[in-house]
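So the structure is just underneath, and the comments pick up after that.
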Amino acid sequence: MVAATNRDLKAEVAKGNFRQDLYYRLEVMTITVPPLRQRLDDVPDLAALFMANLSAQLSVEPLGLTPDALVRLQSYGWPGNVRELRNFIERSLLFGELPLDDLGDQAEASPVVAAPLTDSLLMADVEKAHMLAVLTRCGGNKAKAAELLGLSRKTLDRKCAEWGV
């Protein structure tokens, strides 16, 4: 993603592709935030924040961020920036572990190549794993699990029937 600069927006205003009044409303203050790879000291705080917020949102126990894990997280270049870190933490919570080996070395961090579709998990697999994990933590109590998941009991029953649970 390329960040728009004042110059870029001004050019779009001139072309008629961006509203002039909106441009002047946005022009009040420009905030430049360097990419995460240039501020790796922020990684531990961001990881802890994402871990706390996402574990509550997903109704799962937060994973421990050991000093070794934090060093490993800081050694990665985060080509996807803060969003990549957030996604990594969310994926870790869904699967119950920090897959630090997936990060590779700093030298490997530059180009991000998507895994072939056959190797990737489908969203349905992630949904199933999460729902079953919450159901297990609730001791099989579907009403409580449905409430934590933000679903109706009927929806959870239907999903469980689909999965043969």
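The values are calculated or read from the model by the stated rules, or taken from the named source; none is laboratory data. Since this is a predicted model, take the numbers as computed values, not measurements. Cβ placement follows ideal geometry from the backbone for every residue including glycine, while neighbour counts extend to all protein chains displayed.
Any idea how many residues of segment 23-51 are more than 21 Å from Trp78 (Cβ to Cβ) and modelled with pLDDT of 90 or more? Quick ask: steps written out before the conclusion?
The initial filter retains those residues of segment 23-51 that are more than 21 Å from Trp78 (Cβ to Cβ), namely 23-30.
Keeping just the survivors that are modelled with pLDDT of 90 or more gives none.
Adding up the residues that qualify gives 0.
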Search segment 23-57 for residues being outside any helix (DSSP H, G or I) and hydroxyl-bearing (Ser, Thr, Tyr), and hand back the single one that is nearest to Leu98 (Cα to Cα). Thr32
Only one of (1) among the hydroxyl-bearing types (Ser, Thr, Tyr); (2) over 30 Å from Arg137 (Cα atoms); (3) in contact with a helix residue (DSSP H, G or I) (Cβ under 6 Å, 6 or more places away or on another chain) fails for Ser59. Which number is that? (2)
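If a residue must be more than 23 Å from the chain's Cα centre (by Cα) and either polar (S, T, N, Q) or buried (at least 16 other Cβ atoms within 10 Å of the Cβ) (or both), how many such residues does segment 131-141 contain? Give the derivation first.
Initially, segment 131-141 is screened for residues more than 23 Å from the chain's Cα centre (by Cα), giving 136, 138-141.
When the remaining residues are screened for being either polar (S, T, N, Q) or buried (at least 16 other Cβ atoms within 10 Å of the Cβ) (or both), the result is 136, 138, 141.
Residues that pass the stated criteria total 3.
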Pair list, Cβ < 7 Å and 6+ apart or interchain, from segment 83-99 residues that are surrounded by fewer than 16 Cβ atoms within 10 Å (Cβ to Cβ) to residues that are polar (S, T, N, Q): Pro99/Ser92
Across segment 1-21, which residue is surrounded by the most Cβ atoms within 10 Å (Cβ to Cβ) among those that are modelled with pLDDT under 90 and in a helix (DSSP H, G or I)? Leu9
With the checklist (1) modelled with pLDDT under 90; (2) surrounded by fewer than 13 Cβ atoms within 10 Å (Cβ to Cβ); (3) in a helix (DSSP H, G or I) in hand, flag the one item Lys128 doesn't pass. (2)
Within segment 88-125, restricting to residues that are outside any helix (DSSP H, G or I) and at pLDDT 80 or above, the one that is farthest from Ser55 (Cα to Cα) is Pro99
